[in-house]
1. Inside the range 95-110, can you point out the residues that are polar (S, T, N, Q), surrounded by 12 or more Cβ atoms within 10 Å (Cβ to Cβ) and under 13 Å from Gly41 (Cβ atoms)?
2. When you scan the range 46-57, do you find a residue that is within 26 Å of Gln82 (Cα to Cα), part of a strand (DSSP E or B), out of contact with any Gly (no Cβ under 9 Å at 6 or more places or on another chain) and modelled with pLDDT of 95 or more, even just one?
3. So, of the residues in the range 19-37 that are in contact (Cβ under 8 Å) with a residue 24 or more places away in the chain and surrounded by fewer than 19 Cβ atoms within 10 Å (Cβ to Cβ), which turns out to be nearest to Lys115 (Cα to Cα)?
4. Could you list all residues from the range 61-118 that are over 23 Å from Ile18 (Cβ atoms) and assigned to a helix (DSSP H, G or I)?
5. All but one of (1) surrounded by 15 or more Cβ atoms within 10 Å (Cβ to Cβ); (2) in contact with a Lys or Arg (Cβ under 9 Å, 6 or more places away or on another chain); (3) closer than 19 Å to Phe13 by Cα; (4) not aromatic (Phe, Trp, Tyr) hold for Cys51; which doesn't?
6. List every residue pair whose Cβ atoms sit under 8 Å apart, with the two residues 6 or more apart in sequence or on different chains, where the first one lies in the range 115-126 and is loosely packed, with under 12 Cβ neighbours inside 10 Å and the second, anywhere, is of a type in the set (Ser, Thr, Tyr).
7. For the range 3-23, give me each residue that is in contact with a strand residue (DSSP E or B) (Cβ under 8 Å, 6 or more places away or on another chain) and either assigned to a helix (DSSP H, G or I) or aliphatic (A, V, I, L, M) (or both).
8. Might you let me know whether the range 64-86 holds any residue that is among the aliphatic types (A, V, I, L, M), closer than 19 Å to Tyr123 by Cβ and surrounded by 14 or more Cβ atoms within 10 Å (Cβ to Cβ)?
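The values are calculated or read from the model by the stated rules, or taken from the named source; none is laboratory data. No experiment lies behind these values; they were computed from the predicted model shown. All Cβ positions, glycine included, derive from the backbone under ideal geometry; neighbour counts span all protein chains shown.
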Amino acid sequence: MHITFSTKNRYPFIDNNIKGELFSYLRGICKNLQCNPLIVGGFLNHVHILCLLSRKIALMKLIEELKAHSSKWVKTKGQQYQKFYWQNGYGGFSVHPSQIETVSNYITKQNEHHKKISFKDEYRALLKEYDIKYDERYVWD
């Protein structure tokens, strides 16, 4: 599964002070839930997780655990993170085994990628690629 979600209102909370630790923390949550993380990355205002979804947990529950635990953890990292929240929604996209390397490379190159495109445009492109119909009023918060 390729999972992505942003910070509330795409606020750039994921700075160099917490980025590495946050990605490690998210990997740990995935491991604890038997959802083997292949790569975790992102940019200032969102994360991407490529993992193998366990048969023992629904995607919705994995997202709930990832967001709840990591949000509480981020808030312990300093006063500047006290208003940290994740957006309400998320994207969860199935990845064919032949595309794992492509998606991994995509996640690895987020800093470079976001010099050219915003998260909103990136997310819209993912929805279009997977032919998912959506209404802008319900995608962003």
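1. Looking only at the range 95-110, we keep the residues that are polar (S, T, N, Q), and these are 98-99, 102, 104-105, 108, 110.
Filter once more, so that each one left must be surrounded by 12 or more Cβ atoms within 10 Å (Cβ to Cβ): 99, 104, 108, 110.
Of everything in the range 95-110, those that are polar (S, T, N, Q), surrounded by 12 or more Cβ atoms within 10 Å (Cβ to Cβ) and under 13 Å from Gly41 (Cβ atoms) turn out to be Ser104, Thr108, Gln110.
2. yes
3. Of the residues in the range 19-37, the ones in contact (Cβ under 8 Å) with a residue 24 or more places away in the chain are 21-23, 25-26, 29-30, 33, 35.
From what's left, surrounded by fewer than 19 Cβ atoms within 10 Å (Cβ to Cβ): 21, 25, 33.
Working: Glu21: 23, Tyr25: 26, Leu33: 34 Å.
Looking at the filtered set, the residue picked out is Glu21.
4. Lys61, Pro97, Ser98, Gln99, Ile100, Glu101, Thr102, Val103, Asn105
5. (3)
6. Once the first residue is loosely packed, with under 12 Cβ neighbours inside 10 Å and sits in the range 115-126, no partner that is of a type in the set (Ser, Thr, Tyr) comes close enough.
7. Here is the first cut: in the range 3-23, the residues in contact with a strand residue (DSSP E or B) (Cβ under 8 Å, 6 or more places away or on another chain) are 3-8, 10, 13-14, 19, 22-23.
Ile3, Lys8, Arg10, Ile14, Lys19, Leu22, Phe23 - these are the residues of the range 3-23 that are in contact with a strand residue (DSSP E or B) (Cβ under 8 Å, 6 or more places away or on another chain) and either assigned to a helix (DSSP H, G or I) or aliphatic (A, V, I, L, M) (or both).
8. Let us first name the residues in the range 64-86 that are among the aliphatic types (A, V, I, L, M), namely 66, 68, 74.
Filter once more, so that each one left must be closer than 19 Å to Tyr123 by Cβ: 66.
Narrowing further to those that are surrounded by 14 or more Cβ atoms within 10 Å (Cβ to Cβ): 66.
Checking the range 64-86: at least one residue is among the aliphatic types (A, V, I, L, M), closer than 19 Å to Tyr123 by Cβ and surrounded by 14 or more Cβ atoms within 10 Å (Cβ to Cβ).
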